[in-house]
Structures are given as C-alpha cells and as structure tokens.
1. With no solvent and one point on each alpha carbon, what is the Debye value of log10 I(q)/I(0) for region 32-172 at q = 0.10, 0.14, 0.21 Å⁻¹?
2. Could you tell me which chymotrypsin sites (Phe, Trp or Tyr not before Pro) in region 77-129 are loop residues by DSSP with no more than 16 other beta carbons within 10 angstrom of their beta carbon?
3. Calculate the FRET efficiency for R168 and A147 from the Cβ-Cβ distance with a Förster distance of 22 Å, rounded to the nearest 0.05.
4. Scan region 68-172 for trypsin sites (Lys or Arg not before Pro) in coil per DSSP, keeping those whose Cβ has at most 14 other Cβ atoms within 10 Å, and list them by number.
5. What distance in nm lies between label points placed 7 Å from Cα along the C-beta direction at Y77 and V131?
6. Please identify the GluC sites (Glu not before Pro) of region 118-169 that satisfy two criteria: DSSP loop assignment and at most 10 other Cβ atoms within 10 Å. Which are they?
7. Based on the Cβ-Cβ distance from I55 to E118, what FRET efficiency comes out when R0 is 35 Å, to the nearest 0.05?
Amino acid sequence: MSEFENQELSNTNNEIVPAPYRYSTEEIEQYEEKTAGFWVRFWAFAIDSLVVSAIVGILVNPIFRLFGWSLSDSNWYAPITIVSAILYYAYFVLTTKFWNQTVGKMIFGLKVIRVNGEKLDWMTVLFREIVGRFINNTIKILYIIVAFMPKNKGLNDVIADTVVVHERVYTKNRVIVQTKVDYETEQSISTT
C-alpha cells in the first residue's frame, strides 16, 4: 500500500479525504514589450516642449501682438500664461489619446499603453496627461523617479496605470509555471 492509501485507511472519523495532488513545474519563455528608460523619455519630452513652444510662437504670439496684449507678463494668471498652458496640456492629451504617443515619442519609437493591455480611454489620458503632468511640472524633481521605479514608471504612469514602451521591441523573460496534477490519474487539473 502507498502512504496515501494508509492515510485513507487510518481515517477513523469517516471523513472524506481529498485525493492527493502533486505539482509539475516547468519554465517557459515569455515576451513583453520593453519599457522606455529615463533618458529616452527625457529627450522625447524635450522635443515635445519644443513643439509646444513652436505652436505658441506661431499661433498665439501673433494674435497677442495684433491686439496689443502683453507677452512679457510673467504672472501665472496672465493671459499668455493661461493660453500657453491650455495649448500645452491639450497637445499632450490629444496626441496621447489619438496616437498613443506625442511627436517626441514618435521620433524615438515610444508609445503609451495601459498596463492591462486595454485601449487608452479618456479618463486614463486625462489623469495621466493633466493631473500627473501638473504634479510633475509643479515639483520637477519627480520626473527623476522614472529612473528608479519598476518598469520605468513615472508619477503620471502610476496615477493612470500606464507604461511607456518601445514600439516593436521585446524582452524575453523566463516564467515558472506550476501545474496541479492528480496523483492517481496523472492528468493536469489546473494551471497557475
């Protein structure tokens, strides 16, 4: 008799004893998109800042000069500051929502994806690009956390549950999978 049969025979309370299981373990290779690091995101953001500055310089400044409004007022509530901020956030929101990337990210082959793999929705983009970017712009040192966080996530990625990845670049990971096997029939029960 095997040790499991002995356990069933020694059960004097007439309880039902579950069938014994064993686990088979195997190592598989899994591919996932490579996350973008600090420096490539920094340079993409620098290009995006230049694009926004160009848009403000080409569209907003001539209108302000035409009407004789001040371009040099540096208060946060100055009309030029408000209009520039609206264009800044609109640029990031609209390009991220419609293309999953800004012009800077396009140049470096980066894109924004949700962690769960679903398509970016408006709430995710608004939280990422307005709330997260506003906090990062207010406390600029927070941009550096991309270098230290798992999967190179920035504060805006943490807020919106997103990640910035390289397009068509994958990393190979090894994953250990355990399968529960019925001891008596040697058939797989479930995969975890």
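1. These q points yield log10 I(q)/I(0) values of -0.36, -0.67, -1.31.
2. Numbers: sites: Y77, Y88, Y89, Y91, F92, F98, W99, F108, W122, F127; in loops: Y77.
Sparse-neighbourhood loop chymotrypsin sites (Phe, Trp or Tyr not before Pro): Y77.
3. On the way: r = 24 Å, r/R0 = 1.08.
The value I calculate is 0.40.
4. Working: sites: K97, K105, K111, R114, K119, R128, R133, K140, K151, K153, R168, K172; in loops: K119, K153.
Within region 68-172, the qualifying trypsin sites (Lys or Arg not before Pro) (loop, at most 14 other Cβ atoms within 10 Å) are K119.
5. In this crude spin-label approximation the distance works out to 2.6 nm.
6. Working: sites: E118, E129, E167; in loops: E118.
Filter output for region 118-169: E118.
7. On the way: r = 30 Å, r/R0 = 0.86.
Plugging the Cβ-Cβ distance into 1/(1 + (r/R0)^6) gives 0.70.
Coordinate-derived values only; no laboratory data. This structure is a prediction, so every number in the text was calculated from the model and none was measured. Virtual Cβ from ideal backbone geometry, glycine too; neighbours counted across all protein chains shown.
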